[in-house]
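Trainee: Provided herewith is a single structure, encoded as structure tokens, for subsequent inquiry.
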Amino acid sequence: MKRILALMLPVAVVGIYYGAGLDQRLTLEGIKSSLQAFSDWNAKAPALVAAAYFLGYMSLSALALPGAALITLVAGALFGVVRGTLIVSFASSSGALLAFLVSRYLLRDFVQQRFDERLKTINAGIAKDGPFYLFTLRLVPLVPFFIINLLMGLTSMRPWTFYWVSQIGMLAGTVVYVNAGTQLAQIDHLSGLLSPGLLLSFTLLGIFPWLTKLGLNLWQRRRIYGRWKCPARFDRNIVVIGAGAAGLVTSYIAAAVKAKVTLVEAGKMGGDCLNYGCVPSKALIRSAKLAHQIRHADHYGLTPSVHELPFQHVMARVREVIRTVAPHDSVERYTGLGVEVWQGYARIVDPWTVEVTLKDGEKRRLTTRSIVIATGAKPFVPLLPGIENSDYVTSDTLWEEFAKRDTPPGRVVVLGGGPIGTELAQALARLGSEVTQVEKGDRILAREDAEVSDLARQALEQNGVQVLTAHSALRCERVDDQKYLVVSHQGQEKIIPFDVLICAVGRVARLEGYGLEELGIPVERTVTTNDYLETLYPNIYAAGDVVGPYQFTHMAAHQAWYAAVNGLFGSVRKFKVDYRVVPWTTFIDPEVARVGLNEQEAKAQGIAYEVTRYGLDDLDRAIADGAAHGFVKVLTVPGKDKILGVTLVGEHAGDLIAEFVLAMKWGLGLNKILSTIHTYPTWAEANRYAAGEWKRAHVSRPILVWLEYFHDWRRG
Ligand SMILES: Cc1cc2nc3c(=O)[nH]c(=O)nc-3n(C[C@H](O)[C@H](O)[C@H](O)COP(=O)(O)OP(=O)(O)OC[C@H]3O[C@@H](n4cnc5c(N)ncnc54)[C@H](O)[C@@H]3O)c2cc1C
């Protein structure tokens, strides 16, 4: 109703304007002939005339009615240059603000919802450089005044910013017109006021801020690069440091587009994921799951086996899996793809030169147009007193340590309740270790909703893990061969004996020893970059765990595309990293997968949402597989078919989430998932059933009532 009223008011003013024939009277001749009468009124009641003029001008400019140029001249004739400029300047800016507010009030929500994804980029640009763009548009009189008001109203620009920038931006034009108005009697044609010369001057004024910006950029470049000497020629187009997921994908893309690329790796090809992370951990988890199923074979109508597990065979299989995957990331494969691979330690010596200490000690230097830092992260080891004598292991060392054992480690303490610690705790418990997991927060997997943490905890406890949340590690102690972790819980100290301590309390970016310090490249917990992954030096990029904010292999590969493309083609076109739809999975049993927002994040960010839930205990395939537990939880915009995020807990959750990732990425809603055929009986049907739950909750009740009448009537 309020919106209709807001629309009716401008319509009424436009009606009066044309109805009273003002459009006919607002001509140069008409104004000139009435000028004497206006001057007489102005002499008798100057305040009243100024106020009436102000209101009239504001309405004309707010509604983009014809005649604004003419009555600007009148201001000069009636009020003189200074007073006239003041009145017109405030009236035109207020009119512009009114049009801006009406556009925002009536249209913005609709436009923002319809073009949500595309407008995000525009809004980000407006947040950063909005006043600058507006100022330029105001200076150049070629862009219609009214269009600017309406378009800016649709963006996220603050009204006050819009007002003051408009006022300053339009001032030069206002002065020119008002000044011309002081000679109104001598003006014969309005077109003469905007001569080509004057238009050119305004355009130059508009370009001026851009020239200033360009100058500033050049100055900044000189300041950053000034102390280094740029080589006249470069040996390579791009040098990539680190052959983990980020470095491999960067160099793959560079070679695919025929760039000359060198990839330098100091350790093992494939980095953490292949050698110490995703691949060995998933191989271990698979063996552990099968061991669990064998032990509980009666669940499937078979005879359980409770024999000792050949742990050395499990670890041999882990190594075998790594060996089988390794050719994908090998020197041979990448050389074949056109990448030159150097095995050695790289150090950036200046913004265009990388020095590599090869395995045999030889040092070689390469000059390059761009450098990509893809040096990854390493496990964080907390500074607990006594930890140095505890023989602790991390994800970097445990694979080698465990490979030496015939039997699973007896008493294991896993420090850390994040994804890596939780996956390892469950897997080792299933393989026969006595596992205690220590987490100082109130719950494990704290990034997920509380109900997910609870489910994960129950799953671990059912597998024999003792989960100690709200327990802070204080120190490690050693008495002869006995090792202990001392923790504190609610002010009390507890002692936990262990044979193996696994530190899984997070991973920190590798930032030292390869030139960041010498070049003054800023770092905090990770290398600092802008949205294009450029470091302080725009030709040096960073991708993967070393830059964050997500430490996943698929994110490292995603960022690698931006680092490669911006590094090779950035002088023509640069791309900002797209972090809008990021999925991840914690590979415990049941798997926990997520994309987009969960409830705790939506609440923290003040985003309204609706929850639709489908329980996997209802899914035919889950029942047949003996794994009927978990759920699909979808968050949508209230009353709209727009997915905000999905959490999936259950068997194959990491695979099932892919359908929602696709839907979110391409703006598909639950209706589209519901109308897509899914094979029966599969786990993927769970996604369609979740969409069906949403649909059921959103059918129109009145339509159902009418349909009932309709069918009654059809039956006669
Ligand atoms: C136990 C565990 C399980 C995981 N599970 C998963 C999972 O299931 N899914 C998932 O998506 N992610 C998982 N991750 C995270 C994943 O492994 C990382 O996100 C990914 O490896 C990051 O890749 P990256 O290229 O950034 O770095 P890395 O893989 O760490 O590669 C960096 C490389 O740079 C090299 N390097 C460093 N400095 C230099 C130098 N100066 N000169 C030359 N070379 C150098 C290093 O030797 C290293 O090989 C897991 C991690 C761990 C530890």
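Just so it is clear, none of the values below were taken in a lab; they were calculated from the coordinates. These numbers come from a predicted model, not from an experiment. A quick note on method: Cβ atoms are made from the backbone with ideal geometry, for glycine too, and the neighbour counts reach across all protein chains shown.
Trainee: Take the Cα atoms of segment 1-138, find their three principal axes, and give me the spread along each one in whole Å, biggest first.
Mentor: Its Cα atoms span 57, 34, 25 Å along the three principal axes.
Trainee: Further question on the same structure: Show log10 I(q)/I(0) for segment 529-609 at q = 0.18, 0.20, 0.24 Å⁻¹, two decimals, from a solvent-free Debye sum over equal Cα scatterers.
Mentor: Ignoring solvent entirely, the Cα scatterers give -0.82, -0.91, -1.09.
Trainee: Determine the calculated [θ] at 222 nm for the chain from helices alone, applying -39500 (n - 2.57) to every DSSP H run no shorter than 4 residues and normalising by the residue count; nearest 500 deg cm²/dmol.
Mentor: Mean residue ellipticity at 222 nm (helix-derived): -15500 deg cm²/dmol.
Trainee: Which distance in Å, rounded to a whole number, links the C-alpha centroids of segment 594-623 and segment 288-323?
Mentor: 33
Trainee: Quick query: amide H of Q437 versus all other amide H atoms, modeled in the peptide plane; which residues come in under 5 Å with a sequence gap of 5 or more or a different chain?
Mentor: Counting only residues 5 or more places away or on other chains, the set is V414, Q466, V467, L468.
Trainee: Counting only C-alpha contacts under 8 Å and six or more residues apart, can you give the relative contact order of the chain as a whole percent?
Mentor: 9
Trainee: Further question on the same structure: What nm distance separates the two modelled labels at A43 and W706, each placed 7 Å from Cα along Cα→Cβ?
Mentor: The answer from the label model is 7.0 nm.
Trainee: Mind listing the phi-derived Karplus ³J(HN,Hα) values for segment 547-564, rounded to whole Hz, using 6.51, -1.76 and 1.60 with θ = phi - 60°, and x for any glycine or proline?
Mentor: Result, rounded to whole Hz: 10, x, x, 10, 9, 9, 4, 5, 6, 4, 5, 5, 5, 4, 4, 5, 5, 5.
Trainee: Does anything in segment 150-165 have its amide N under 18 Å from the 7 Å Cα→Cβ label point of V637, and if so which residues?
Mentor: Correct set: 154-157.
Trainee: While we're looking at this one, here's another question. With a bin width of 10 angstrom, please list the P(r) values of segment 453-610 as percents of all Cα-Cα pairs, from the 0 bin to the one holding the largest distance.
Mentor: Taking all Cα pairs of segment 453-610, the binned fractions are 8, 23, 26, 24, 15, 4, 0 percent.
Trainee: May I pose another question? In the structure displayed, which of K258/K574; K282/K574; K440/K494; K128/K213; K128/K574; K665/K695 lie more than 25 Å apart, Cα to Cα?
Mentor: Over 25 Å Cα-Cα: K282/K574.
Trainee: Starting from the 7 Å offset along Cα-to-Cβ, what nm value, one decimal, do you get for the label separation of S472 and L337?
Mentor: 4.6
Trainee: GluC sites (Glu not before Pro) within segment 480-520: which are DSSP loop residues with at most 16 other Cβ atoms inside 10 Å?
Mentor: Within segment 480-520, the qualifying GluC sites (Glu not before Pro) (loop, at most 16 other Cβ atoms within 10 Å) are E512.
Trainee: Using the beta-carbon distance between K229 and T397 and R0 = 51 Å, what value does 1/(1 + (r/R0)^6) give for FRET efficiency, to the nearest 0.05?
Mentor: 0.75
Trainee: Taking just the C-alpha trace of segment 430-524, give me its Rg and Dmax in Å.
Mentor: 17.8, 52
Trainee: Dipole size in debye (nearest 20) for the chain around its Cα centre, Lys and Arg Cβ +1, Asp and Glu Cβ -1?
Mentor: Here the size comes out at about 2600 debye.
Trainee: What range in the chain is the longest one free of trypsin sites (Lys or Arg not before Pro) that are in a loop by DSSP and have at most 13 other Cβ atoms within 10 angstrom?
Mentor: By the stated rule (loop sites, at most 13 other Cβ atoms within 10 Å), 1-226.
Trainee: Now, a different point. At a Cα cut-off below 13 Å, give the aspartates and glutamates reachable from K268, other chains included and same-chain residues fewer than 8 away excluded.
Mentor: Within the straight-line limit of under 13 Å, K268 reaches these aspartates and glutamates: D329, D396.
Trainee: In the chain, what % of DSSP beta bridges are antiparallel (nearest 5)? Intermediate values should be presented prior to the final figure.
Mentor: Working: 52 of 81 bridges.
Given both bridge residues lie in the chain, the antiparallel proportion sits at roughly 65 percent.
Trainee: How much of the calculated P(r) for segment 504-558 lies past 19 Å, in percent of all Cα pairs?
Mentor: Here the tail beyond 19 Å accounts for 25 percent of pairs.
Trainee: Let me ask something additional. According to a simple spin-label model (label point 7 Å from Cα along Cα-to-Cβ), what is the distance in nm between K665 and D481?
Mentor: Taking the two extended label points, one gets 5.3 nm.
Trainee: Would you please state the base-10 log of I(q)/I(0) at q = 0.16, 0.19, 0.23, 0.24 1/Å for segment 271-369, with intensities from the Debye formula using one equal scatterer on every alpha carbon?
Mentor: Debye intensities relative to I(0), on a log10 scale: -0.85, -1.00, -1.14, -1.17.
Trainee: Among L384, F587, V632, which residue has its Cα positioned farthest towards the positive end of the charge dipole of the chain, with +1 placed on the Cβ of Lys and Arg, -1 on the Cβ of Asp and Glu, and the dipole taken about the Cα centre?
Mentor: Value computed over the given set: V632.
Trainee: A further question on this structure: Take the alpha carbon atoms of segment 697-716, find their center, do the same for segment 120-186, and report the distance between the two centers in whole angstrom.
Mentor: What the calculation gives is 54 Å, centre to centre.
Trainee: By a straight-distance test (C-alpha under 20 Å), which lysines pair with K44 as possible cross-link partners, with residues fewer than eight away in the same chain excluded?
Mentor: Straight-line reach from K44, under 20 Å: K32.
Trainee: With viscosity set to 1.306 mPa s and temperature to 10 °C, compute the Stokes-Einstein D of segment 208-282, Rh being the Kirkwood radius across alpha carbon pairs; µm²/s, no decimals.
Mentor: Once the numbers are plugged in, D ends up at 102 µm²/s.
Trainee: Check which residues have an amide H placed less than 5 Å from V372's amide H, if you skip close sequence neighbours.
Mentor: Here the answer is V239, V240, I241, Y541, since their amide H atoms fall under 5 Å of that of V372.
Trainee: In whole Hz, what ³J(HN,Hα) sequence does segment 301-309 give by Karplus (6.51, -1.76, 1.60; θ = phi - 60°), x for Gly and Pro?
Mentor: Each residue's phi maps through the Karplus curve to give x, 10, 8, x, 10, 10, 5, 4, 8 Hz.
Trainee: Right, next: Return the loop-located GluC sites (Glu not before Pro) in segment 276-379 (DSSP other than H, G, I, E, B) with at most 12 other Cβ atoms within 10 Å of their own Cβ; answer none if there are none. If you can, show how the numbers build up before the last one.
Mentor: Working: sites: E308, E320, E332, E340, E355, E362; in loops: E308, E362.
Passing sites in segment 276-379 are E308, E362.
Trainee: Moving on to the next point. Report Rg(Cα)/(2.2 N^0.38 Å) for segment 560-716, keeping two decimals.
Mentor: Relative to the 2.2 N^0.38 Å estimate, segment 560-716 comes out at 1.30.
Trainee: Next question, about the same structure. In the chain, if the dipole is taken from +1 on Lys/Arg beta carbons and -1 on Asp/Glu beta carbons about the Cα centre, which of P231, L516, G67 is farthest to the positive end?
Mentor: Of the options given, the answer is G67.
Trainee: Using modelled amide H (1.01 Å from N, peptide plane; none on Pro or chain starts), what sits under 5 Å from the amide H of L644, excluding residues fewer than 5 places away?
Mentor: Close amide H contacts, sequence-distant or interchain: L635, T636, V637.
Trainee: So which chymotrypsin sites (Phe, Trp or Tyr not before Pro) in segment 515-597 are both in a DSSP loop and have at most 16 other Cβ atoms within 10 Å of their Cβ?
Mentor: Y550, F575, Y579
Trainee: How long are the three semi-axes of the equivalent ellipsoid of the chain, in whole Å, if each is the root of 5 times an eigenvalue of the C-alpha gyration tensor, listed from largest down?
Mentor: Rounded to whole Å, the semi-axes are 64, 37, 22.
Trainee: Given Cα pairs under 8 Å that are at least 6 residues apart, what percent is the relative contact order of segment 531-583?
Mentor: Here the relative contact order equals 37 percent.
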